[in-house]
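The values are calculated or read from the model by the stated rules, or taken from the named source; none is laboratory data. Since we're looking at a predicted model, the values are computed, not measured. Every residue, glycine among them, receives a Cβ derived from its backbone with ideal geometry; neighbour counts consider all protein chains shown. Accessible surface is based on the protein model in full, side chains and every heavy atom, while ligands, DNA and RNA are left aside. Shrake-Rupley method; radii C 1.70, N 1.55, O 1.52, S 1.80 Å.
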Amino acid sequence: MKVIVAKTAGFCFGVKRAVEQVYEQIAAADRPVYTYGPIIHNEEVVRDLEEKGVRVLHTEEELRTLADGIVVIRSHGVGKHVYDLLNERGITIVDATCPFVKKIHRIVQEQQAAGRRVVIIGNPKHPEVEGIRGWGNEKTLVIENEDQIENLPVLPEEKLSIVSQTTFNYNKFQDLVEKFVKKGYDILVLNTICNATQERQVEARRIASEVDAMIVIGGRNSSNTQKLYEICQKECKQTYYIQTLGDFNPECVNSVRSVGITAGASTPNQIIEEVHTNVRVKF
């Protein structure tokens, strides 16, 4: 059997940097260490950090109860008000926001100052998008599909600046931008999809089109992994989404001649290698 592992599979720069910063704090800190939200969308990594004493805080109410400690801001980033809240309480902040996400925060502020209404293309419930919106104002919009563009609460004379969630599907982003163009809006498009995301999606699509079965590895709550799965499934009907080797059913690929493997940005290399080795050994 031929097995192809995507070169772009696994931790991206931002996720790797964030995870490393948490482990550094564990080793050096003499105070409690917290992350605001799971540091990445991978249960295995989060579980290991919890075993080492790191506590995950999920709400602003929990942040307000802190009297001391270190809070690591995850790679997804947060809104400005979260920094203000922690600074007011004198809590040490370790900012592990991905630099590419941080760039979008700056863009949102700059475009607002220039008098443009910001439109974010992405999933409104995703923590990265929630964080980006937190640098906007009450006029900032989030768009996820074409139907929402039909009834935008935008005045004809308003100027728009369009940014994107870093992990959004590039082709879908282009389609939505084209819809804005056809509607005649005055828009400034700033493609803020991460290059690593684009490369990962392009490679996943290519591999899926060449193999009989495709395995996509990543956390169930990982937005970029879900998009990889959708992309691969369009190219290869036998596409399987797993979180770890324990989810892998060898029977799924026992009658195929070729298998492709890719993984989301929150998937440790160890898990990718375990799946790769298991496929090779069994077949």
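Of note:
- Compactness of region 70-140 is given as radius of gyration and Dmax, 12.3, 37 Å, from Cα positions.
- Simple rule: put +1 on each Lys or Arg Cβ and -1 on each Asp or Glu Cβ in the chain, find the dipole, and look at H126, N254, V94; the Cα lying farthest toward the positive end is N254.
- What the chain shows is 48 Å² of accessible area per residue, with the surface traced by a 1.4 Å probe over protein heavy atoms.
- Cross-link reach list, lysines versus K182, counting only Cα pairs under 29 Å and skipping chain neighbours closer than eight places: K103, K125, K139, K159, K172, K227, K234
- Here the convex hull built on the C-alpha positions of the chain has a volume of 128 cubic angstrom per residue.
- Full extension of the segment from K139 to V256, taken as 0.36 nm per residue of separation minus the current Cα-Cα distance, would add 36.9 nm.
- Gyration tensor (alpha-carbon) shape descriptor, region 116-163, a/c threshold 1.5: oblate
- Diffusion of region 141-283 by Stokes-Einstein, at 25 °C in a medium of 0.890 mPa s and with Rh set to the Kirkwood radius over alpha-carbon pairs, works out to 145 µm²/s.
- Accessible-area value, D48, 1.4 Å probe, nucleic acids and ligands omitted, Å²: 50 Å²
- Ranking of K172, K179 by solvent-accessible surface, largest first: K172, K179 (1.4 Å probe, protein heavy atoms only, all chains present).
- The distance from the alpha carbon centre of region 206-224 to that of region 170-201 is 23 Å, rounded to a whole number.
- Mean-position separation - Cα centroids, region 110-153 and region 1-21, in angstrom: 29 Å
- Carbon-plus-sulfur accessible fraction, the chain (probe radius 1.4 Å, protein heavy atoms only): 46%.
- The alpha carbon convex hull volume per residue for region 164-216 rounds to 81 Å³.
- For region 127-191, GluC sites (Glu not before Pro) meeting the loop criterion (DSSP other than H, G, I, E, B) and having at most 16 other Cβ atoms within 10 Å: E138, E157, E158.
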